[in-house]
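Single-structure report; data block below.
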Amino acid sequence: MDRLRKCSRCGAENRIPARHLAHVGKCGSCKAELPPTSEPIEVDGPEFDRIVSESPVPVLVDFWADWCGPCRMAAPEVHHVARDLAGRALVLKVDTERSPELAARYNVRGIPNFAVFRGGRLVHQQAGLVNRNVMRSWIERAA
Ligand SMILES: [Zn+2]
């Protein structure tokens with residue numbers, strides 16, 4: 001499944017393949033520029049695999065759950081990172097209740113738990129609440 005990106009000029013929905021999520025695109029309808037993804041993307045297992053393996057930029061993954069208080073505190077930090085690093089990194093959110101197989105694959109026991117991937121490879125993983133500056137430093141080190 002490709003992600004849809006709405007054109008801010010003409011409103012057309014454009015399909016964005018996983019490998020181009022961090023790239024500037026062009027609206028298929030009016031040719032206006034489509035900015036890179038600047039928000040966390042909620043993913044399930046298949047989409048997680050596709051984005052992590054195809055992304056040309058580092059991918060930060062936030063493993064979280066609705067009932068987790070520290071996860072809610074981390075959410076705005078994660079949003080900031082997605083916006084600040086638009087075009088240079090992608091941010092995924094994995095709901096560990098909906099995708100327990102992903103949580104198991106990466107040994108996620110306590111949440112929030114963060115993982116950074118580069119070229120499909122896990123390069124950093126850490127549990128516990130951190131702020132946006134710490135998240136940025138992981139991504140910058142991975143890039
Ligand atoms: Zn357009």
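Since every read-out is calculated from the coordinates, none of them should be taken as a lab result. In this text, all values refer to a predicted model and were calculated from it rather than measured experimentally.
Using only the Cα atoms of the chain, what do you get for the radius of gyration and for Dmax, in Å?
Here Rg and the maximum Cα pair distance are 15.0, 47 Å.
Angle between the Cα long axis of helix 69-84 and the longest principal axis of the chain, 0 to 90 degrees, nearest 10?
Between helix and principal axis, roughly 40 degrees.
Count the DSSP beta bridges whose two residues both fall in the chain, then state the antiparallel fraction as a percent rounded to the nearest 5.
65 percent
If I fit a long axis through the Cα atoms of helix 45-54 and take the longest principal axis of the Cα atoms of the chain, what angle between them do I get, 0 to 90°, rounded to 10?
The two axes meet at around 70 degrees.
Taking amide H atoms as placed 1.01 Å from N in the peptide plane, list the residues 5 or more away in sequence, or in a different chain, whose amide H sits under 5 Å from that of His23.
Hits under the 5 Å cutoff: Thr37.
Using Cα atoms only, what is the angle between the long axis of helix 132-142 and the major principal axis of the chain, expressed in degrees (0 to 90) to the nearest 10?
Helix 132-142 sits roughly 80 degrees off the main axis of the chain.
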